[in-house]
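S.K.: Encoded as structure tokens, here's the structure I'll be asking about.
The values are calculated or read from the model by the stated rules, or taken from the named source; none is laboratory data. Values in this document were obtained by computation on a predicted structure and should not be read as measured data. Positions of Cβ are backbone-derived with ideal geometry, glycine not excepted, and every protein chain shown enters the neighbour counts.
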Amino acid sequence: MANISVIVPVYKVEAFLSRCVESILAQTYRDFELILVDDGSPDSCGVLCDGYARRDSRVHVIHQENGGLSAARNTGIDWVFANSVSRWIAFVDSDDWVHPDFLKVLYETAEKTACKLSVCDYFRTAGEDFPVQPDGEARKLSSDDYYCGRYHNGGTATAWNKLYHRSLFQHLRYPVGKLHEDEFTTYRLVYQVKEVGFSPRVLYAYYQNPVGIMKSAWSPKRLDALEAFEGQIAFAQEREDGKLLEKAVKSYLYGTYEQLPQAPKVFRRELRKKLRRALRLAKQCDCLPRNQKNRWAYEAAYPCKPFWWLVSKFARQKGERIRE
């Protein structure tokens with residue numbers, strides 16, 4: 001039986017699915033199984049998945065009605081607990097792909113550091129191949145140092161550049177129906193383990209599809225991210241964890257501020273309430289960037305967007321006159 005279960009949710013990716021699946025089947029570490037969860041995809045993805053299962057006994061396919069990314073991941077996790085003795089779980093998104101050493105390095109990192117969660121670096125790509133690999137040995141980091149630090153190219157909440165001991169999912173699943181599902185979940189996994197094994201090798205290719213889900217027009221589902229950050233804040237306050245609280249508050253502050261100009265007018269009053277709360281929290285933990293204080297305060301106080309824009313313009317003009 002396989003040691004690692006790789007779960008791939010599949011939905012409307014017929015142009016990219018082969019690249020993803022073939023990169024997984026080409027792993028130098030061979031003791032794994034691949035679970036393809038066809039999430040009711042209306043294109044030919046289901047047929048492609050079945051074809052891989054016929055050709056390779058390591059591939060298992062689950063077909064279900066469309067439930068979203070979280071539901072598909074949860075289906076894969078549930079399948080592992082019901083049908084597999086694998087000790088480890090990894091996720092790959094179906095429009096991404098992985099380096100041939102992806103599983104090998106993650107597993108060796110977990111073993112070397114004696115951690116139940118290991119992480120590798122990743123890069124964003126529109127189709128380019130993997131960059132030159134950086135030097136550096138795998139090392140052990142505290143949960144705080146990893147989650148609140150800058151140890152790889154971007155955020156730390158992503159589900160897919162990690163290898164998890166299956167026990168971490170014994171009582172945890174992804175939130176069905178939520179956008180930004182990783183922000184609801186990954187921090188809980190990281191803080192379950194106390195320590196994380198980290199490899200600086202770039203082994204995951206995150207494909208930036210210009211028409212992908214995160215590039216779509218604003219919708220109320222974008223507010224899910226703020227709900228996730230509110231959960232992180234409550235979690236950090238309960239643990240009395242200052243580093244995590246600061247990270248969560250900053251995410252909440254930036255997330256709220258970023259959404260204000262994009263959201264329809266009907267949502268802006270609630271967003272300004274959230275921004276004022278974020279400002280209060282930031283002041284309490286002294287993590288508000290000094291050069292942004294006035295700007296955010298004006299945005300929270302005045303519903304008329306042009307007001308603070310004019311103030312900023314006036315301030316810039318005044319500064320230019322002073323320099324003259």
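S.K.: Which pairs turn up if I take residues in the stretch 277-294 that are surrounded by 13 or more Cβ atoms within 10 Å (Cβ to Cβ) and look for partners that are modelled with pLDDT under 65 with beta carbon separation below 8 Å, at least 6 apart in sequence or on another chain?
M.R.: So the pair list comes out as 279/296; 279/297; 279/300; 288/296.
S.K.: In addition: Could you list all residues from the stretch 26-58 that are more than 17 Å from residue 14 (Cβ to Cβ) and among the aliphatic types (A, V, I, L, M)?
M.R.: If we filter the stretch 26-58 for residues that are more than 17 Å from residue 14 (Cβ to Cβ), which is where we start, we get 26-35, 54-58.
Selection gives 26, 34, 35.
S.K.: Right, something else. Among the numbered conditions (1) more than 22 Å from residue 258 (Cβ to Cβ); (2) at pLDDT below 95; (3) within 13 Å of the chain's Cα centre (by Cα), tell me where residue 189 comes up short.
M.R.: Here residue 189 clears every test but (2).
S.K.: Further, regarding this structure: Could you tell me whether the stretch 195-202 includes any residue that is in the same structural domain as residue 34 (by TED's automatic domain parsing), surrounded by fewer than 20 Cβ atoms within 10 Å (Cβ to Cβ), under 15 Å from the mean Cα position of the chain (by Cα) and within 28 Å of residue 23 (Cα to Cα)?
M.R.: No, that holds for no residue.
S.K.: Oh, and also: Tell me, please, whether a residue that is part of a helix (DSSP H, G or I) and either in the same structural domain as residue 182 (by TED's automatic domain parsing) or not charged (D, E, K, R) (or both) can be found in the stretch 87-102.
M.R.: Taking every residue of the stretch 87-102 in turn, at least one turns out to be part of a helix (DSSP H, G or I) and either in the same structural domain as residue 182 (by TED's automatic domain parsing) or not charged (D, E, K, R) (or both).
S.K.: What tally of residues in the stretch 246-258 results from selecting those that are crowded, with 22+ Cβ neighbours inside 10 Å and either under 15 Å from residue 156 (Cα atoms) or not assigned by TED's automatic domain parsing to the domain that holds residue 272 (or both)?
M.R.: Qualifying residue count, the stretch 246-258: 2.
S.K.: Restricting attention to the stretch 35-56, which residues are touching a strand residue (DSSP E or B) at 6+ places or on another chain (Cβ under 7 Å) and of a type in the set (Gly, Ala, Ser)?
M.R.: Start the filter on the stretch 35-56 by keeping residues that are touching a strand residue (DSSP E or B) at 6+ places or on another chain (Cβ under 7 Å), which leaves 35-41, 45-46, 49-50, 52-53.
40, 41, 46, 53 - these are the residues of the stretch 35-56 that are touching a strand residue (DSSP E or B) at 6+ places or on another chain (Cβ under 7 Å) and of a type in the set (Gly, Ala, Ser).
S.K.: While we're on this one: Looking at residue 49, is it buried (at least 20 other Cβ atoms within 10 Å of the Cβ) and within 18 Å of residue 163 (Cα to Cα)? Break it down into steps so the answer makes sense when it comes.
M.R.: Numbers: buried (at least 20 other Cβ atoms within 10 Å of the Cβ): yes; within 18 Å of residue 163 (Cα to Cα): no.
Here the answer is no, as residue 49 does not meet what is asked.
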